[in-house]
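The values are calculated or read from the model by the stated rules, or taken from the named source; none is laboratory data. These figures come from a predicted structure and were not determined experimentally. Backbone-built Cβ (ideal geometry, glycine too); neighbour counts: all protein chains shown. The protein model used for the area step is the full one, side chains on, heavy atoms only, and it has no ligands, DNA or RNA in it. Shrake-Rupley method; radii C 1.70, N 1.55, O 1.52, S 1.80 Å.
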Amino acid sequence: MTDDGDGDLEARLVEQETFEPSDEFVEQANVSDESIYEEFEEDWPRCWTRAADLLDWDSPYSEVLDDSEEPFYEWFADGTLNASYNCVDRHVESGDKNRAAIKWEGEHGETRTYTYQDLYREVNEFAAALRELGVEEDDVVTLYMPMVPELPIAMLACARIGAPHSVVFAGFSADALATRMNSADSRYLITCDGYYRRGDPLDHLAKANEGLAGVDHGVDATVVVDRLGEDGFGHDLSGNQHDWDDLVADHQGARVDPVERDAEDMLFLMYTSGTTGEPKGVKHTTGGYLAYATWTSHAVLDLEPEDTYWCSADIGWITGHSYIVYGPLSLGTTTVMYEGTPDYPERDRLWELVEKYAVDVFYTAPTAIRAFMKWGSEFPERHDLSSLRLLGTVGEPINPRAWKWYYKHIGNEECPIVDTWWQTETGGMMVTTLPGVGTMKPGSAGPPLPGIDARVVDTEGEEVGAGRAGYLTVDKPWPGMLRTLYNNDERFIGEYWEEYSDPDADEWVYFPEDGAKIDDDGYITILGRVDDVINVSGHRLGTMEIESAIVGVEGVAEAAVVGGDHEVKGEAVYAYVILEDGYDGSEEMREAIIEGVEDAIGPIARPEQVIFTPELPKTRSGKIMRRLLEEIANGEELGDTTTLRNPEIVEDIQAKVSD
Ligand code: WTA
């Protein structure tokens, strides 16, 4: 074996460009016939009944797609169903009540298993509690919770009574919570006293309370899960704050009929970052979203009810919504949830869990794989990973070396890998190989899924030839797509449809704001965001949001934030800052800026470097040259600087960026 420096891969693997799934995998795969692409194309949009048929409907739909008001598409519109019924009750009724639905592991190794019957009981009891607190159909309930089982229970309880949830990632700051509650006009909050990170309890309720203080309307009730017990921080619950266990104890044995929801009724809101400062409230629906999350879990993750499946994302992001909660539970699979980080107490923690639970299918992010590579193959080698059948990645491009490392050291060269491109807005996977059908090409996500009309185009919307960089677009709608941005149809059109659509000709094209290229076989390689969004460890952050947090710090006059390359995180935040007269670039100033960002957004947005400069490189028309700032952050050779108004500043800034 040769060691090529940053990963132990043999030359054979380094050179191999394509990989095929094993016969053994193909034989058992949910989808193994490539005719599916043609079938979907020929029968579009009726092909999508295949997704809808994976669900139980209260009343059937008569029309698959209503496109009378583009781009406000409606799917399965006159059908009715309930998501909680589909994820829980139907498995209890079909005789699978004793199968594990959720296997949860706390950071310290405590475990909890919920069978589908247990989940049924818990969801019903909490749904009854929500009703008693006054939650009505269509009220938005905010869930600001870490990875505890009560999070999916609360989501399903909301779905049961037809109250859309808005989950706010627990790592987000108090300000971020308040902004989201205000935007959604949400009067109910479910949160948690705290959780464990690398052995220490974190005081989550203090953050939640601080967020509540920033909510600009009345909050009717807050429910607090007691996760820390004796390690808790001793907060008293005030007035309309309730302890989860007490509430549920009051509703023991309660049963709440699942509310019959229209397919187009909102299932949840999920806030995500965009080009402008305000986060966008992406609206997903009950029928189309659930059908799509379920279909892709079946076709791409190849899930069967008998499987133990683990997606290591946090439920606070869309990946966790679609592929920890809704997709797997809808299929009746066992889904694993883990509270902690991959390197605590040791760097083999994830592999220990794969072995312990005999995980069949594992889904993670390239940033995690890059960290595993850096730590070395000795950690997975300590464990028996032979239960694995399929591996997946999501969130950012995965380079061929990381792909191959994952293939060899986690999958033992036996598991296919699905590199799945999608977004909060798409609801589910869009571009990826089908594991039982396609050849895999490391570094390229693959062809669009059956029924997905993704293309790579130039600025005019014309398809570009193989190998040339262009922009990814999606020409036809799909069931899992967002329906709008909450209370903001105009911004919905502006953000996603304006760029490539021709409303006069009734041509509507979705623009995800990613760059891409395509090869002769129709395989798409994603090149990354083309808007002012950066991707730090698979998390989408708006540079404008970070800039406005920095400008809010006393003494800061102007700021420009760009993403610089980072070995593990993919991208890291580089903040170029101009101070007001009378302030200097001291260590305190740097700390104040970092704190300002953490307070406004959360630690994930923490700048890697803060670079103080008297000026920013600007064009003659006064626009900041971000491209140049990126090149500086990456220590790259600089492109053209002759169009700058102040070219002399560039060297000055370069000297200040540390390696
Ligand atoms: C990026 C996460 C390359 C992309 C599900 C997209 C990817 C953004 C991939 C969405 C992939 C996601 N290859 N890039 N397989 N998957 N992305 O909304 O830039 O958090 O637009 O959804 O992540 O991030 P979001």
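General observations
- Residue identified as open to solvent by less than 40 Å² (accessible area, probe 1.4 Å), of a type outside the set (Asp, Glu) and on the phi > 0 side of the Ramachandran plot among Gly639, Gly622: Gly622
- Whichever residue in region 527-566 is part of a loop (DSSP other than H, G, I, E, B) and under 20 Å from the mean Cα position of the chain (by Cα) and, among such residues, is nearest to the ligand (Cβ to nearest atom): Gly538
- Single residue of region 272-297 satisfying the filter (assigned to a loop (DSSP other than H, G, I, E, B) and under 16 Å from the mean Cα position of the chain (by Cα)) that is nearest to the ligand (Cβ to nearest atom): Ser273
- Across region 492-515, the qualifying residues are those that are assigned to a helix (DSSP H, G or I), more than 16 Å from the ligand (Cβ to nearest atom) and not aliphatic (A, V, I, L, M), and the one among them that is surrounded by the fewest Cβ atoms within 10 Å (Cβ to Cβ) is Asp504.
- Selection status of Gly438, away from the ligand (no atom under 13 Å from the Cβ), open to solvent by less than 40 Å² (accessible area, probe 1.4 Å) and modelled with pLDDT under 95: yes
- Residues of region 356-369 that turn out to be away from the ligand (no atom under 16 Å from the Cβ) and either of a type in the set (D, E, K, R) or not in a loop (DSSP other than H, G, I, E, B) (or both), as a count: 4
- Count - residues of region 300-331 that are more than 29 Å from Asp33 (Cβ to Cβ) and in a helix (DSSP H, G or I): 4
- Members of region 401-435 found to be part of a loop (DSSP other than H, G, I, E, B) and within 13 Å of the ligand (Cβ to nearest atom), listed by number: Trp422, Gln423, Gly427, Gly428, Met429, Met430, Thr432, Thr433
- Assessment of region 448-457 against the conditions (open to solvent by 20 Å² or more (accessible area, probe 1.4 Å) and either touching a Cys at 6+ places or on another chain (Cβ under 9 Å) or within 14 Å of the ligand (Cβ to nearest atom) (or both)) yields at least one matching residue.
- Among the residues of region 365-376, those that are in contact (Cβ under 8 Å) with a residue 40 or more places away in the chain and open to solvent by 10 Å² or more (accessible area, probe 1.4 Å) comprise Ala365, Thr367, Ala368, Arg370, Ala371, Met373, Lys374, Gly376.
- Some residue of region 296-307 being buried (at least 22 other Cβ atoms within 10 Å of the Cβ), of a type in the set (Ser, Thr, Tyr), in contact (Cβ under 8 Å) with a residue 12 or more places away in the chain and more than 30 Å from Phe40 (Cβ to Cβ): no
- Scan of region 172-230 for residues that are out of contact with any Gly (no Cβ under 9 Å at 6 or more places or on another chain), open to solvent by 30 Å² or more (accessible area, probe 1.4 Å), more than 15 Å from Gly602 (Cβ to Cβ) and outside any helix (DSSP H, G or I), ordered by number: Asp185, Asp200, Asp216, His217, Gly218, Val219
- Residue match in region 249-271 (condition: modelled with pLDDT of 95 or more, more than 13 Å from the ligand (Cβ to nearest atom), more than 23 Å from the chain's Cα centre (by Cα) and part of a helix (DSSP H, G or I)): yes
- Within region 411-434, the set of residues being out of contact with any Phe, Trp or Tyr (no Cβ under 7 Å at 6 or more places or on another chain) and either more than 28 Å from Phe511 (Cβ to Cβ) or β-branched (Val, Ile, Thr) (or both) comprises Gly411, Asn412, Glu414, Cys415, Val418, Thr420, Thr424, Thr426, Thr433.
- Residue in region 639-655 that is without any contact (Cβ under 8 Å) to a residue 40 or more places away in the chain, within 16 Å of Gly563 (Cβ to Cβ) and of a type in the set (D, E, K, R) present: no
- Listed by first and then second residue, the pairs linking a residue in region 33-54 that is part of a loop (DSSP other than H, G, I, E, B) to a residue that is at pLDDT below 95, with Cβ atoms under 9 Å apart and 6 or more places separating them unless they lie on different chains, are Glu34/Gly438.
- The listed residue being out of contact with any helix residue (DSSP H, G or I) (no Cβ under 8 Å at 6 or more places or on another chain), open to solvent by 50 Å² or more (accessible area, probe 1.4 Å) and among the β-branched types (Val, Ile, Thr), out of Thr49, Thr18: Thr18
- Just one of the listed residues (Leu331, Leu353) is open to solvent by less than 10 Å² (accessible area, probe 1.4 Å), aliphatic (A, V, I, L, M) and either within 16 Å of the ligand (Cβ to nearest atom) or in contact (Cβ under 8 Å) with a residue 60 or more places away in the chain (or both), namely Leu353.
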